[in-house]
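The values are calculated or read from the model by the stated rules, or taken from the named source; none is laboratory data. All figures in this text were calculated on a predicted structure; none of them were measured in a lab. Reconstructed Cβ throughout: ideal geometry from the backbone, glycine too, with neighbour counts over all protein chains shown. Ligands, DNA and RNA are excluded from the accessible area calculation, which covers all protein heavy atoms including side chains. Shrake-Rupley method; radii C 1.70, N 1.55, O 1.52, S 1.80 Å.
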Amino acid sequence: MYLCHFSSTTLLKKLSGNRRSMAPSLHTLSLLFFFFFFFCFLRLSTAWRPLPRMKNNVTELEFGGYKKYEGSSEFVKLKYHMGPVLTSNITVHIIWYGAWPSAQKRIIREFINSISAAADHRSPSVSGWWKTVQLYTDQTGSNITRSVRLGQEKNDRLLSHGKTLTRLSIQSVIKSAVTAKTKPLPIHPKGGVYLLLTADDVYVEDFCKKCMCAYPFSVPDYIPGLKPLKSPNGEAAIDGMISVIAHEIAEVASNPLANAWYAGEDPSFPVEIADLCEGIYGTGGGGSYTGQMLNDEDGATYNMHGIRRRFLVQWVWNHVVNYCTGPNALD
């Protein structure tokens with residue numbers, strides 16, 4: 001994951017995709033988050049999570065006398081570094097780069113709309129997952145906003161910057177979208193999030209190698225004996241993207257300027273609240289075990305309900321209890 005403050009008015013947080021190193025038909029994903037700031041730097045944040053102890057080649061999930069894992073570790077020192085979090089309403093604007101089927105667009109739209117959906121729909125829910133993110137506060141004690149809504153969208157079907165995108169050209173795609181002469185995307189100084197999603201025939205450098213963006217619906221070779229799960233919406237690539245989108249929105253809300261909530265001493269390499277729970281989707285999760293999840297009648301795997309659909313979304317770190325939590329927790 002890369003974070004860049006660039007030009008005089010924007011903050012960029014992006015994920016770029018590499019389809020050539022992924023499973024067939026897996027869409028490439030680029031997430032770009034813009035805010036107003038005045039300097040530029042580039043960082044690489046590597047995903048990390050504490051691994052369970054091994055004894056006689058068997059994973060040991062017991063911590064002390066309490067059989068609980070979910071990323072909990074005395075070595076995780078998540079700290080607040082006095083920077084802002086996103087307390088203002090978050091508006092997510094999508095740029096569809098390339099040809100996107102309408103059915104796939106609907107899955108992504110519903111997930112974003114589900115984050116702030118009314119609490120009276122089925123549990124466990126996407127909005128219940130966001131409640132953990134809302135626990136994080138700024139130095140005034142204000143919590144991260146409850147409101148995450150879908151904003152405007154822009155289609156770039158003709159691939160204005162070509163079928164191969166670099167880190168710099170991704171920035172140009174976003175700039176073109178917000179400065180377009182016809183129907184430019186609006187700029188929100190405090191809570192605008194710009195999500196660039198690339199079609200499956202677009203190559204983007206340095207991201208999603210060895211199927212990890214579609215995990216656990218696609219499993220890399222270095223995890224032997226683990227079978228891919230059936231995706232809840234019949235679109236393995238899109239269902240995999242949903243969890244990556246959730247991961248990044250949670251982190252941009254809790255650490256937008258790389259000076260708020262993260263573990264580690266170097267803000268250039270922060271370990272953020274979703275990095276700590278990478279690959280954990282349910283109770284007992286850790287290492288290559290995803291945790292206890294739910295299955296519907298046709299065998300598809302999920303762990304939370306949206307407005308109408310089901311989704312599989314990784315958990316995030318809960319700094320109150322000091323381990324990963326999610327709405328489908330069994331305890």
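Remarks
Per-residue answers, yes or no, for (1) modelled with pLDDT of 95 or more; (2) among the polar types (S, T, N, Q); (3) within 21 Å of THR87 (Cα to Cα):
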| residue | (1), (2), (3) |
| --- | --- |
| TYR215 | no, no, no |
| ALA246 | yes, no, yes |
| ASN255 | yes, yes, yes |
| GLY285 | no, no, no |
| ASN328 | yes, yes, no |
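- First in segment 98-116 and free of Cβ contacts under 8 Å to residues at least 12 places away in the same chain, second anywhere and surrounded by 14 or more Cβ atoms within 10 Å (Cβ to Cβ) and in a loop (DSSP other than H, G, I, E, B), Cβ under 9 Å, 6 or more apart: ARG106/ARG309
- Test set (1) out of contact with any His (no Cβ under 8 Å at 6 or more places or on another chain); (2) open to solvent by less than 60 Å² (accessible area, probe 1.4 Å); (3) over 19 Å from THR132 (Cβ atoms) - MET241 fails condition number: (1)
- Flag if LEU226 is within 24 Å of HIS93 (Cβ to Cβ) and either open to solvent by 60 Å² or more (accessible area, probe 1.4 Å) or in contact with a Pro (Cβ under 9 Å, 6 or more places away or on another chain) (or both): no
- GLN152 closer than 30 Å to VAL321 by Cα and open to solvent by 40 Å² or more (accessible area, probe 1.4 Å): no
- Of the helices (runs of 4 or more DSSP H) lying entirely inside segment 96-207, the ones with 3 or more residues being of a type in the set (Lys, Arg) and under 17 Å from PHE311 (Cα atoms) are found at 102-114.
- In segment 162-188, residue least open to solvent (accessible area, probe 1.4 Å) [restricted to those that are farther than 18 Å from TRP96 by Cβ and aliphatic (A, V, I, L, M)]: ILE187
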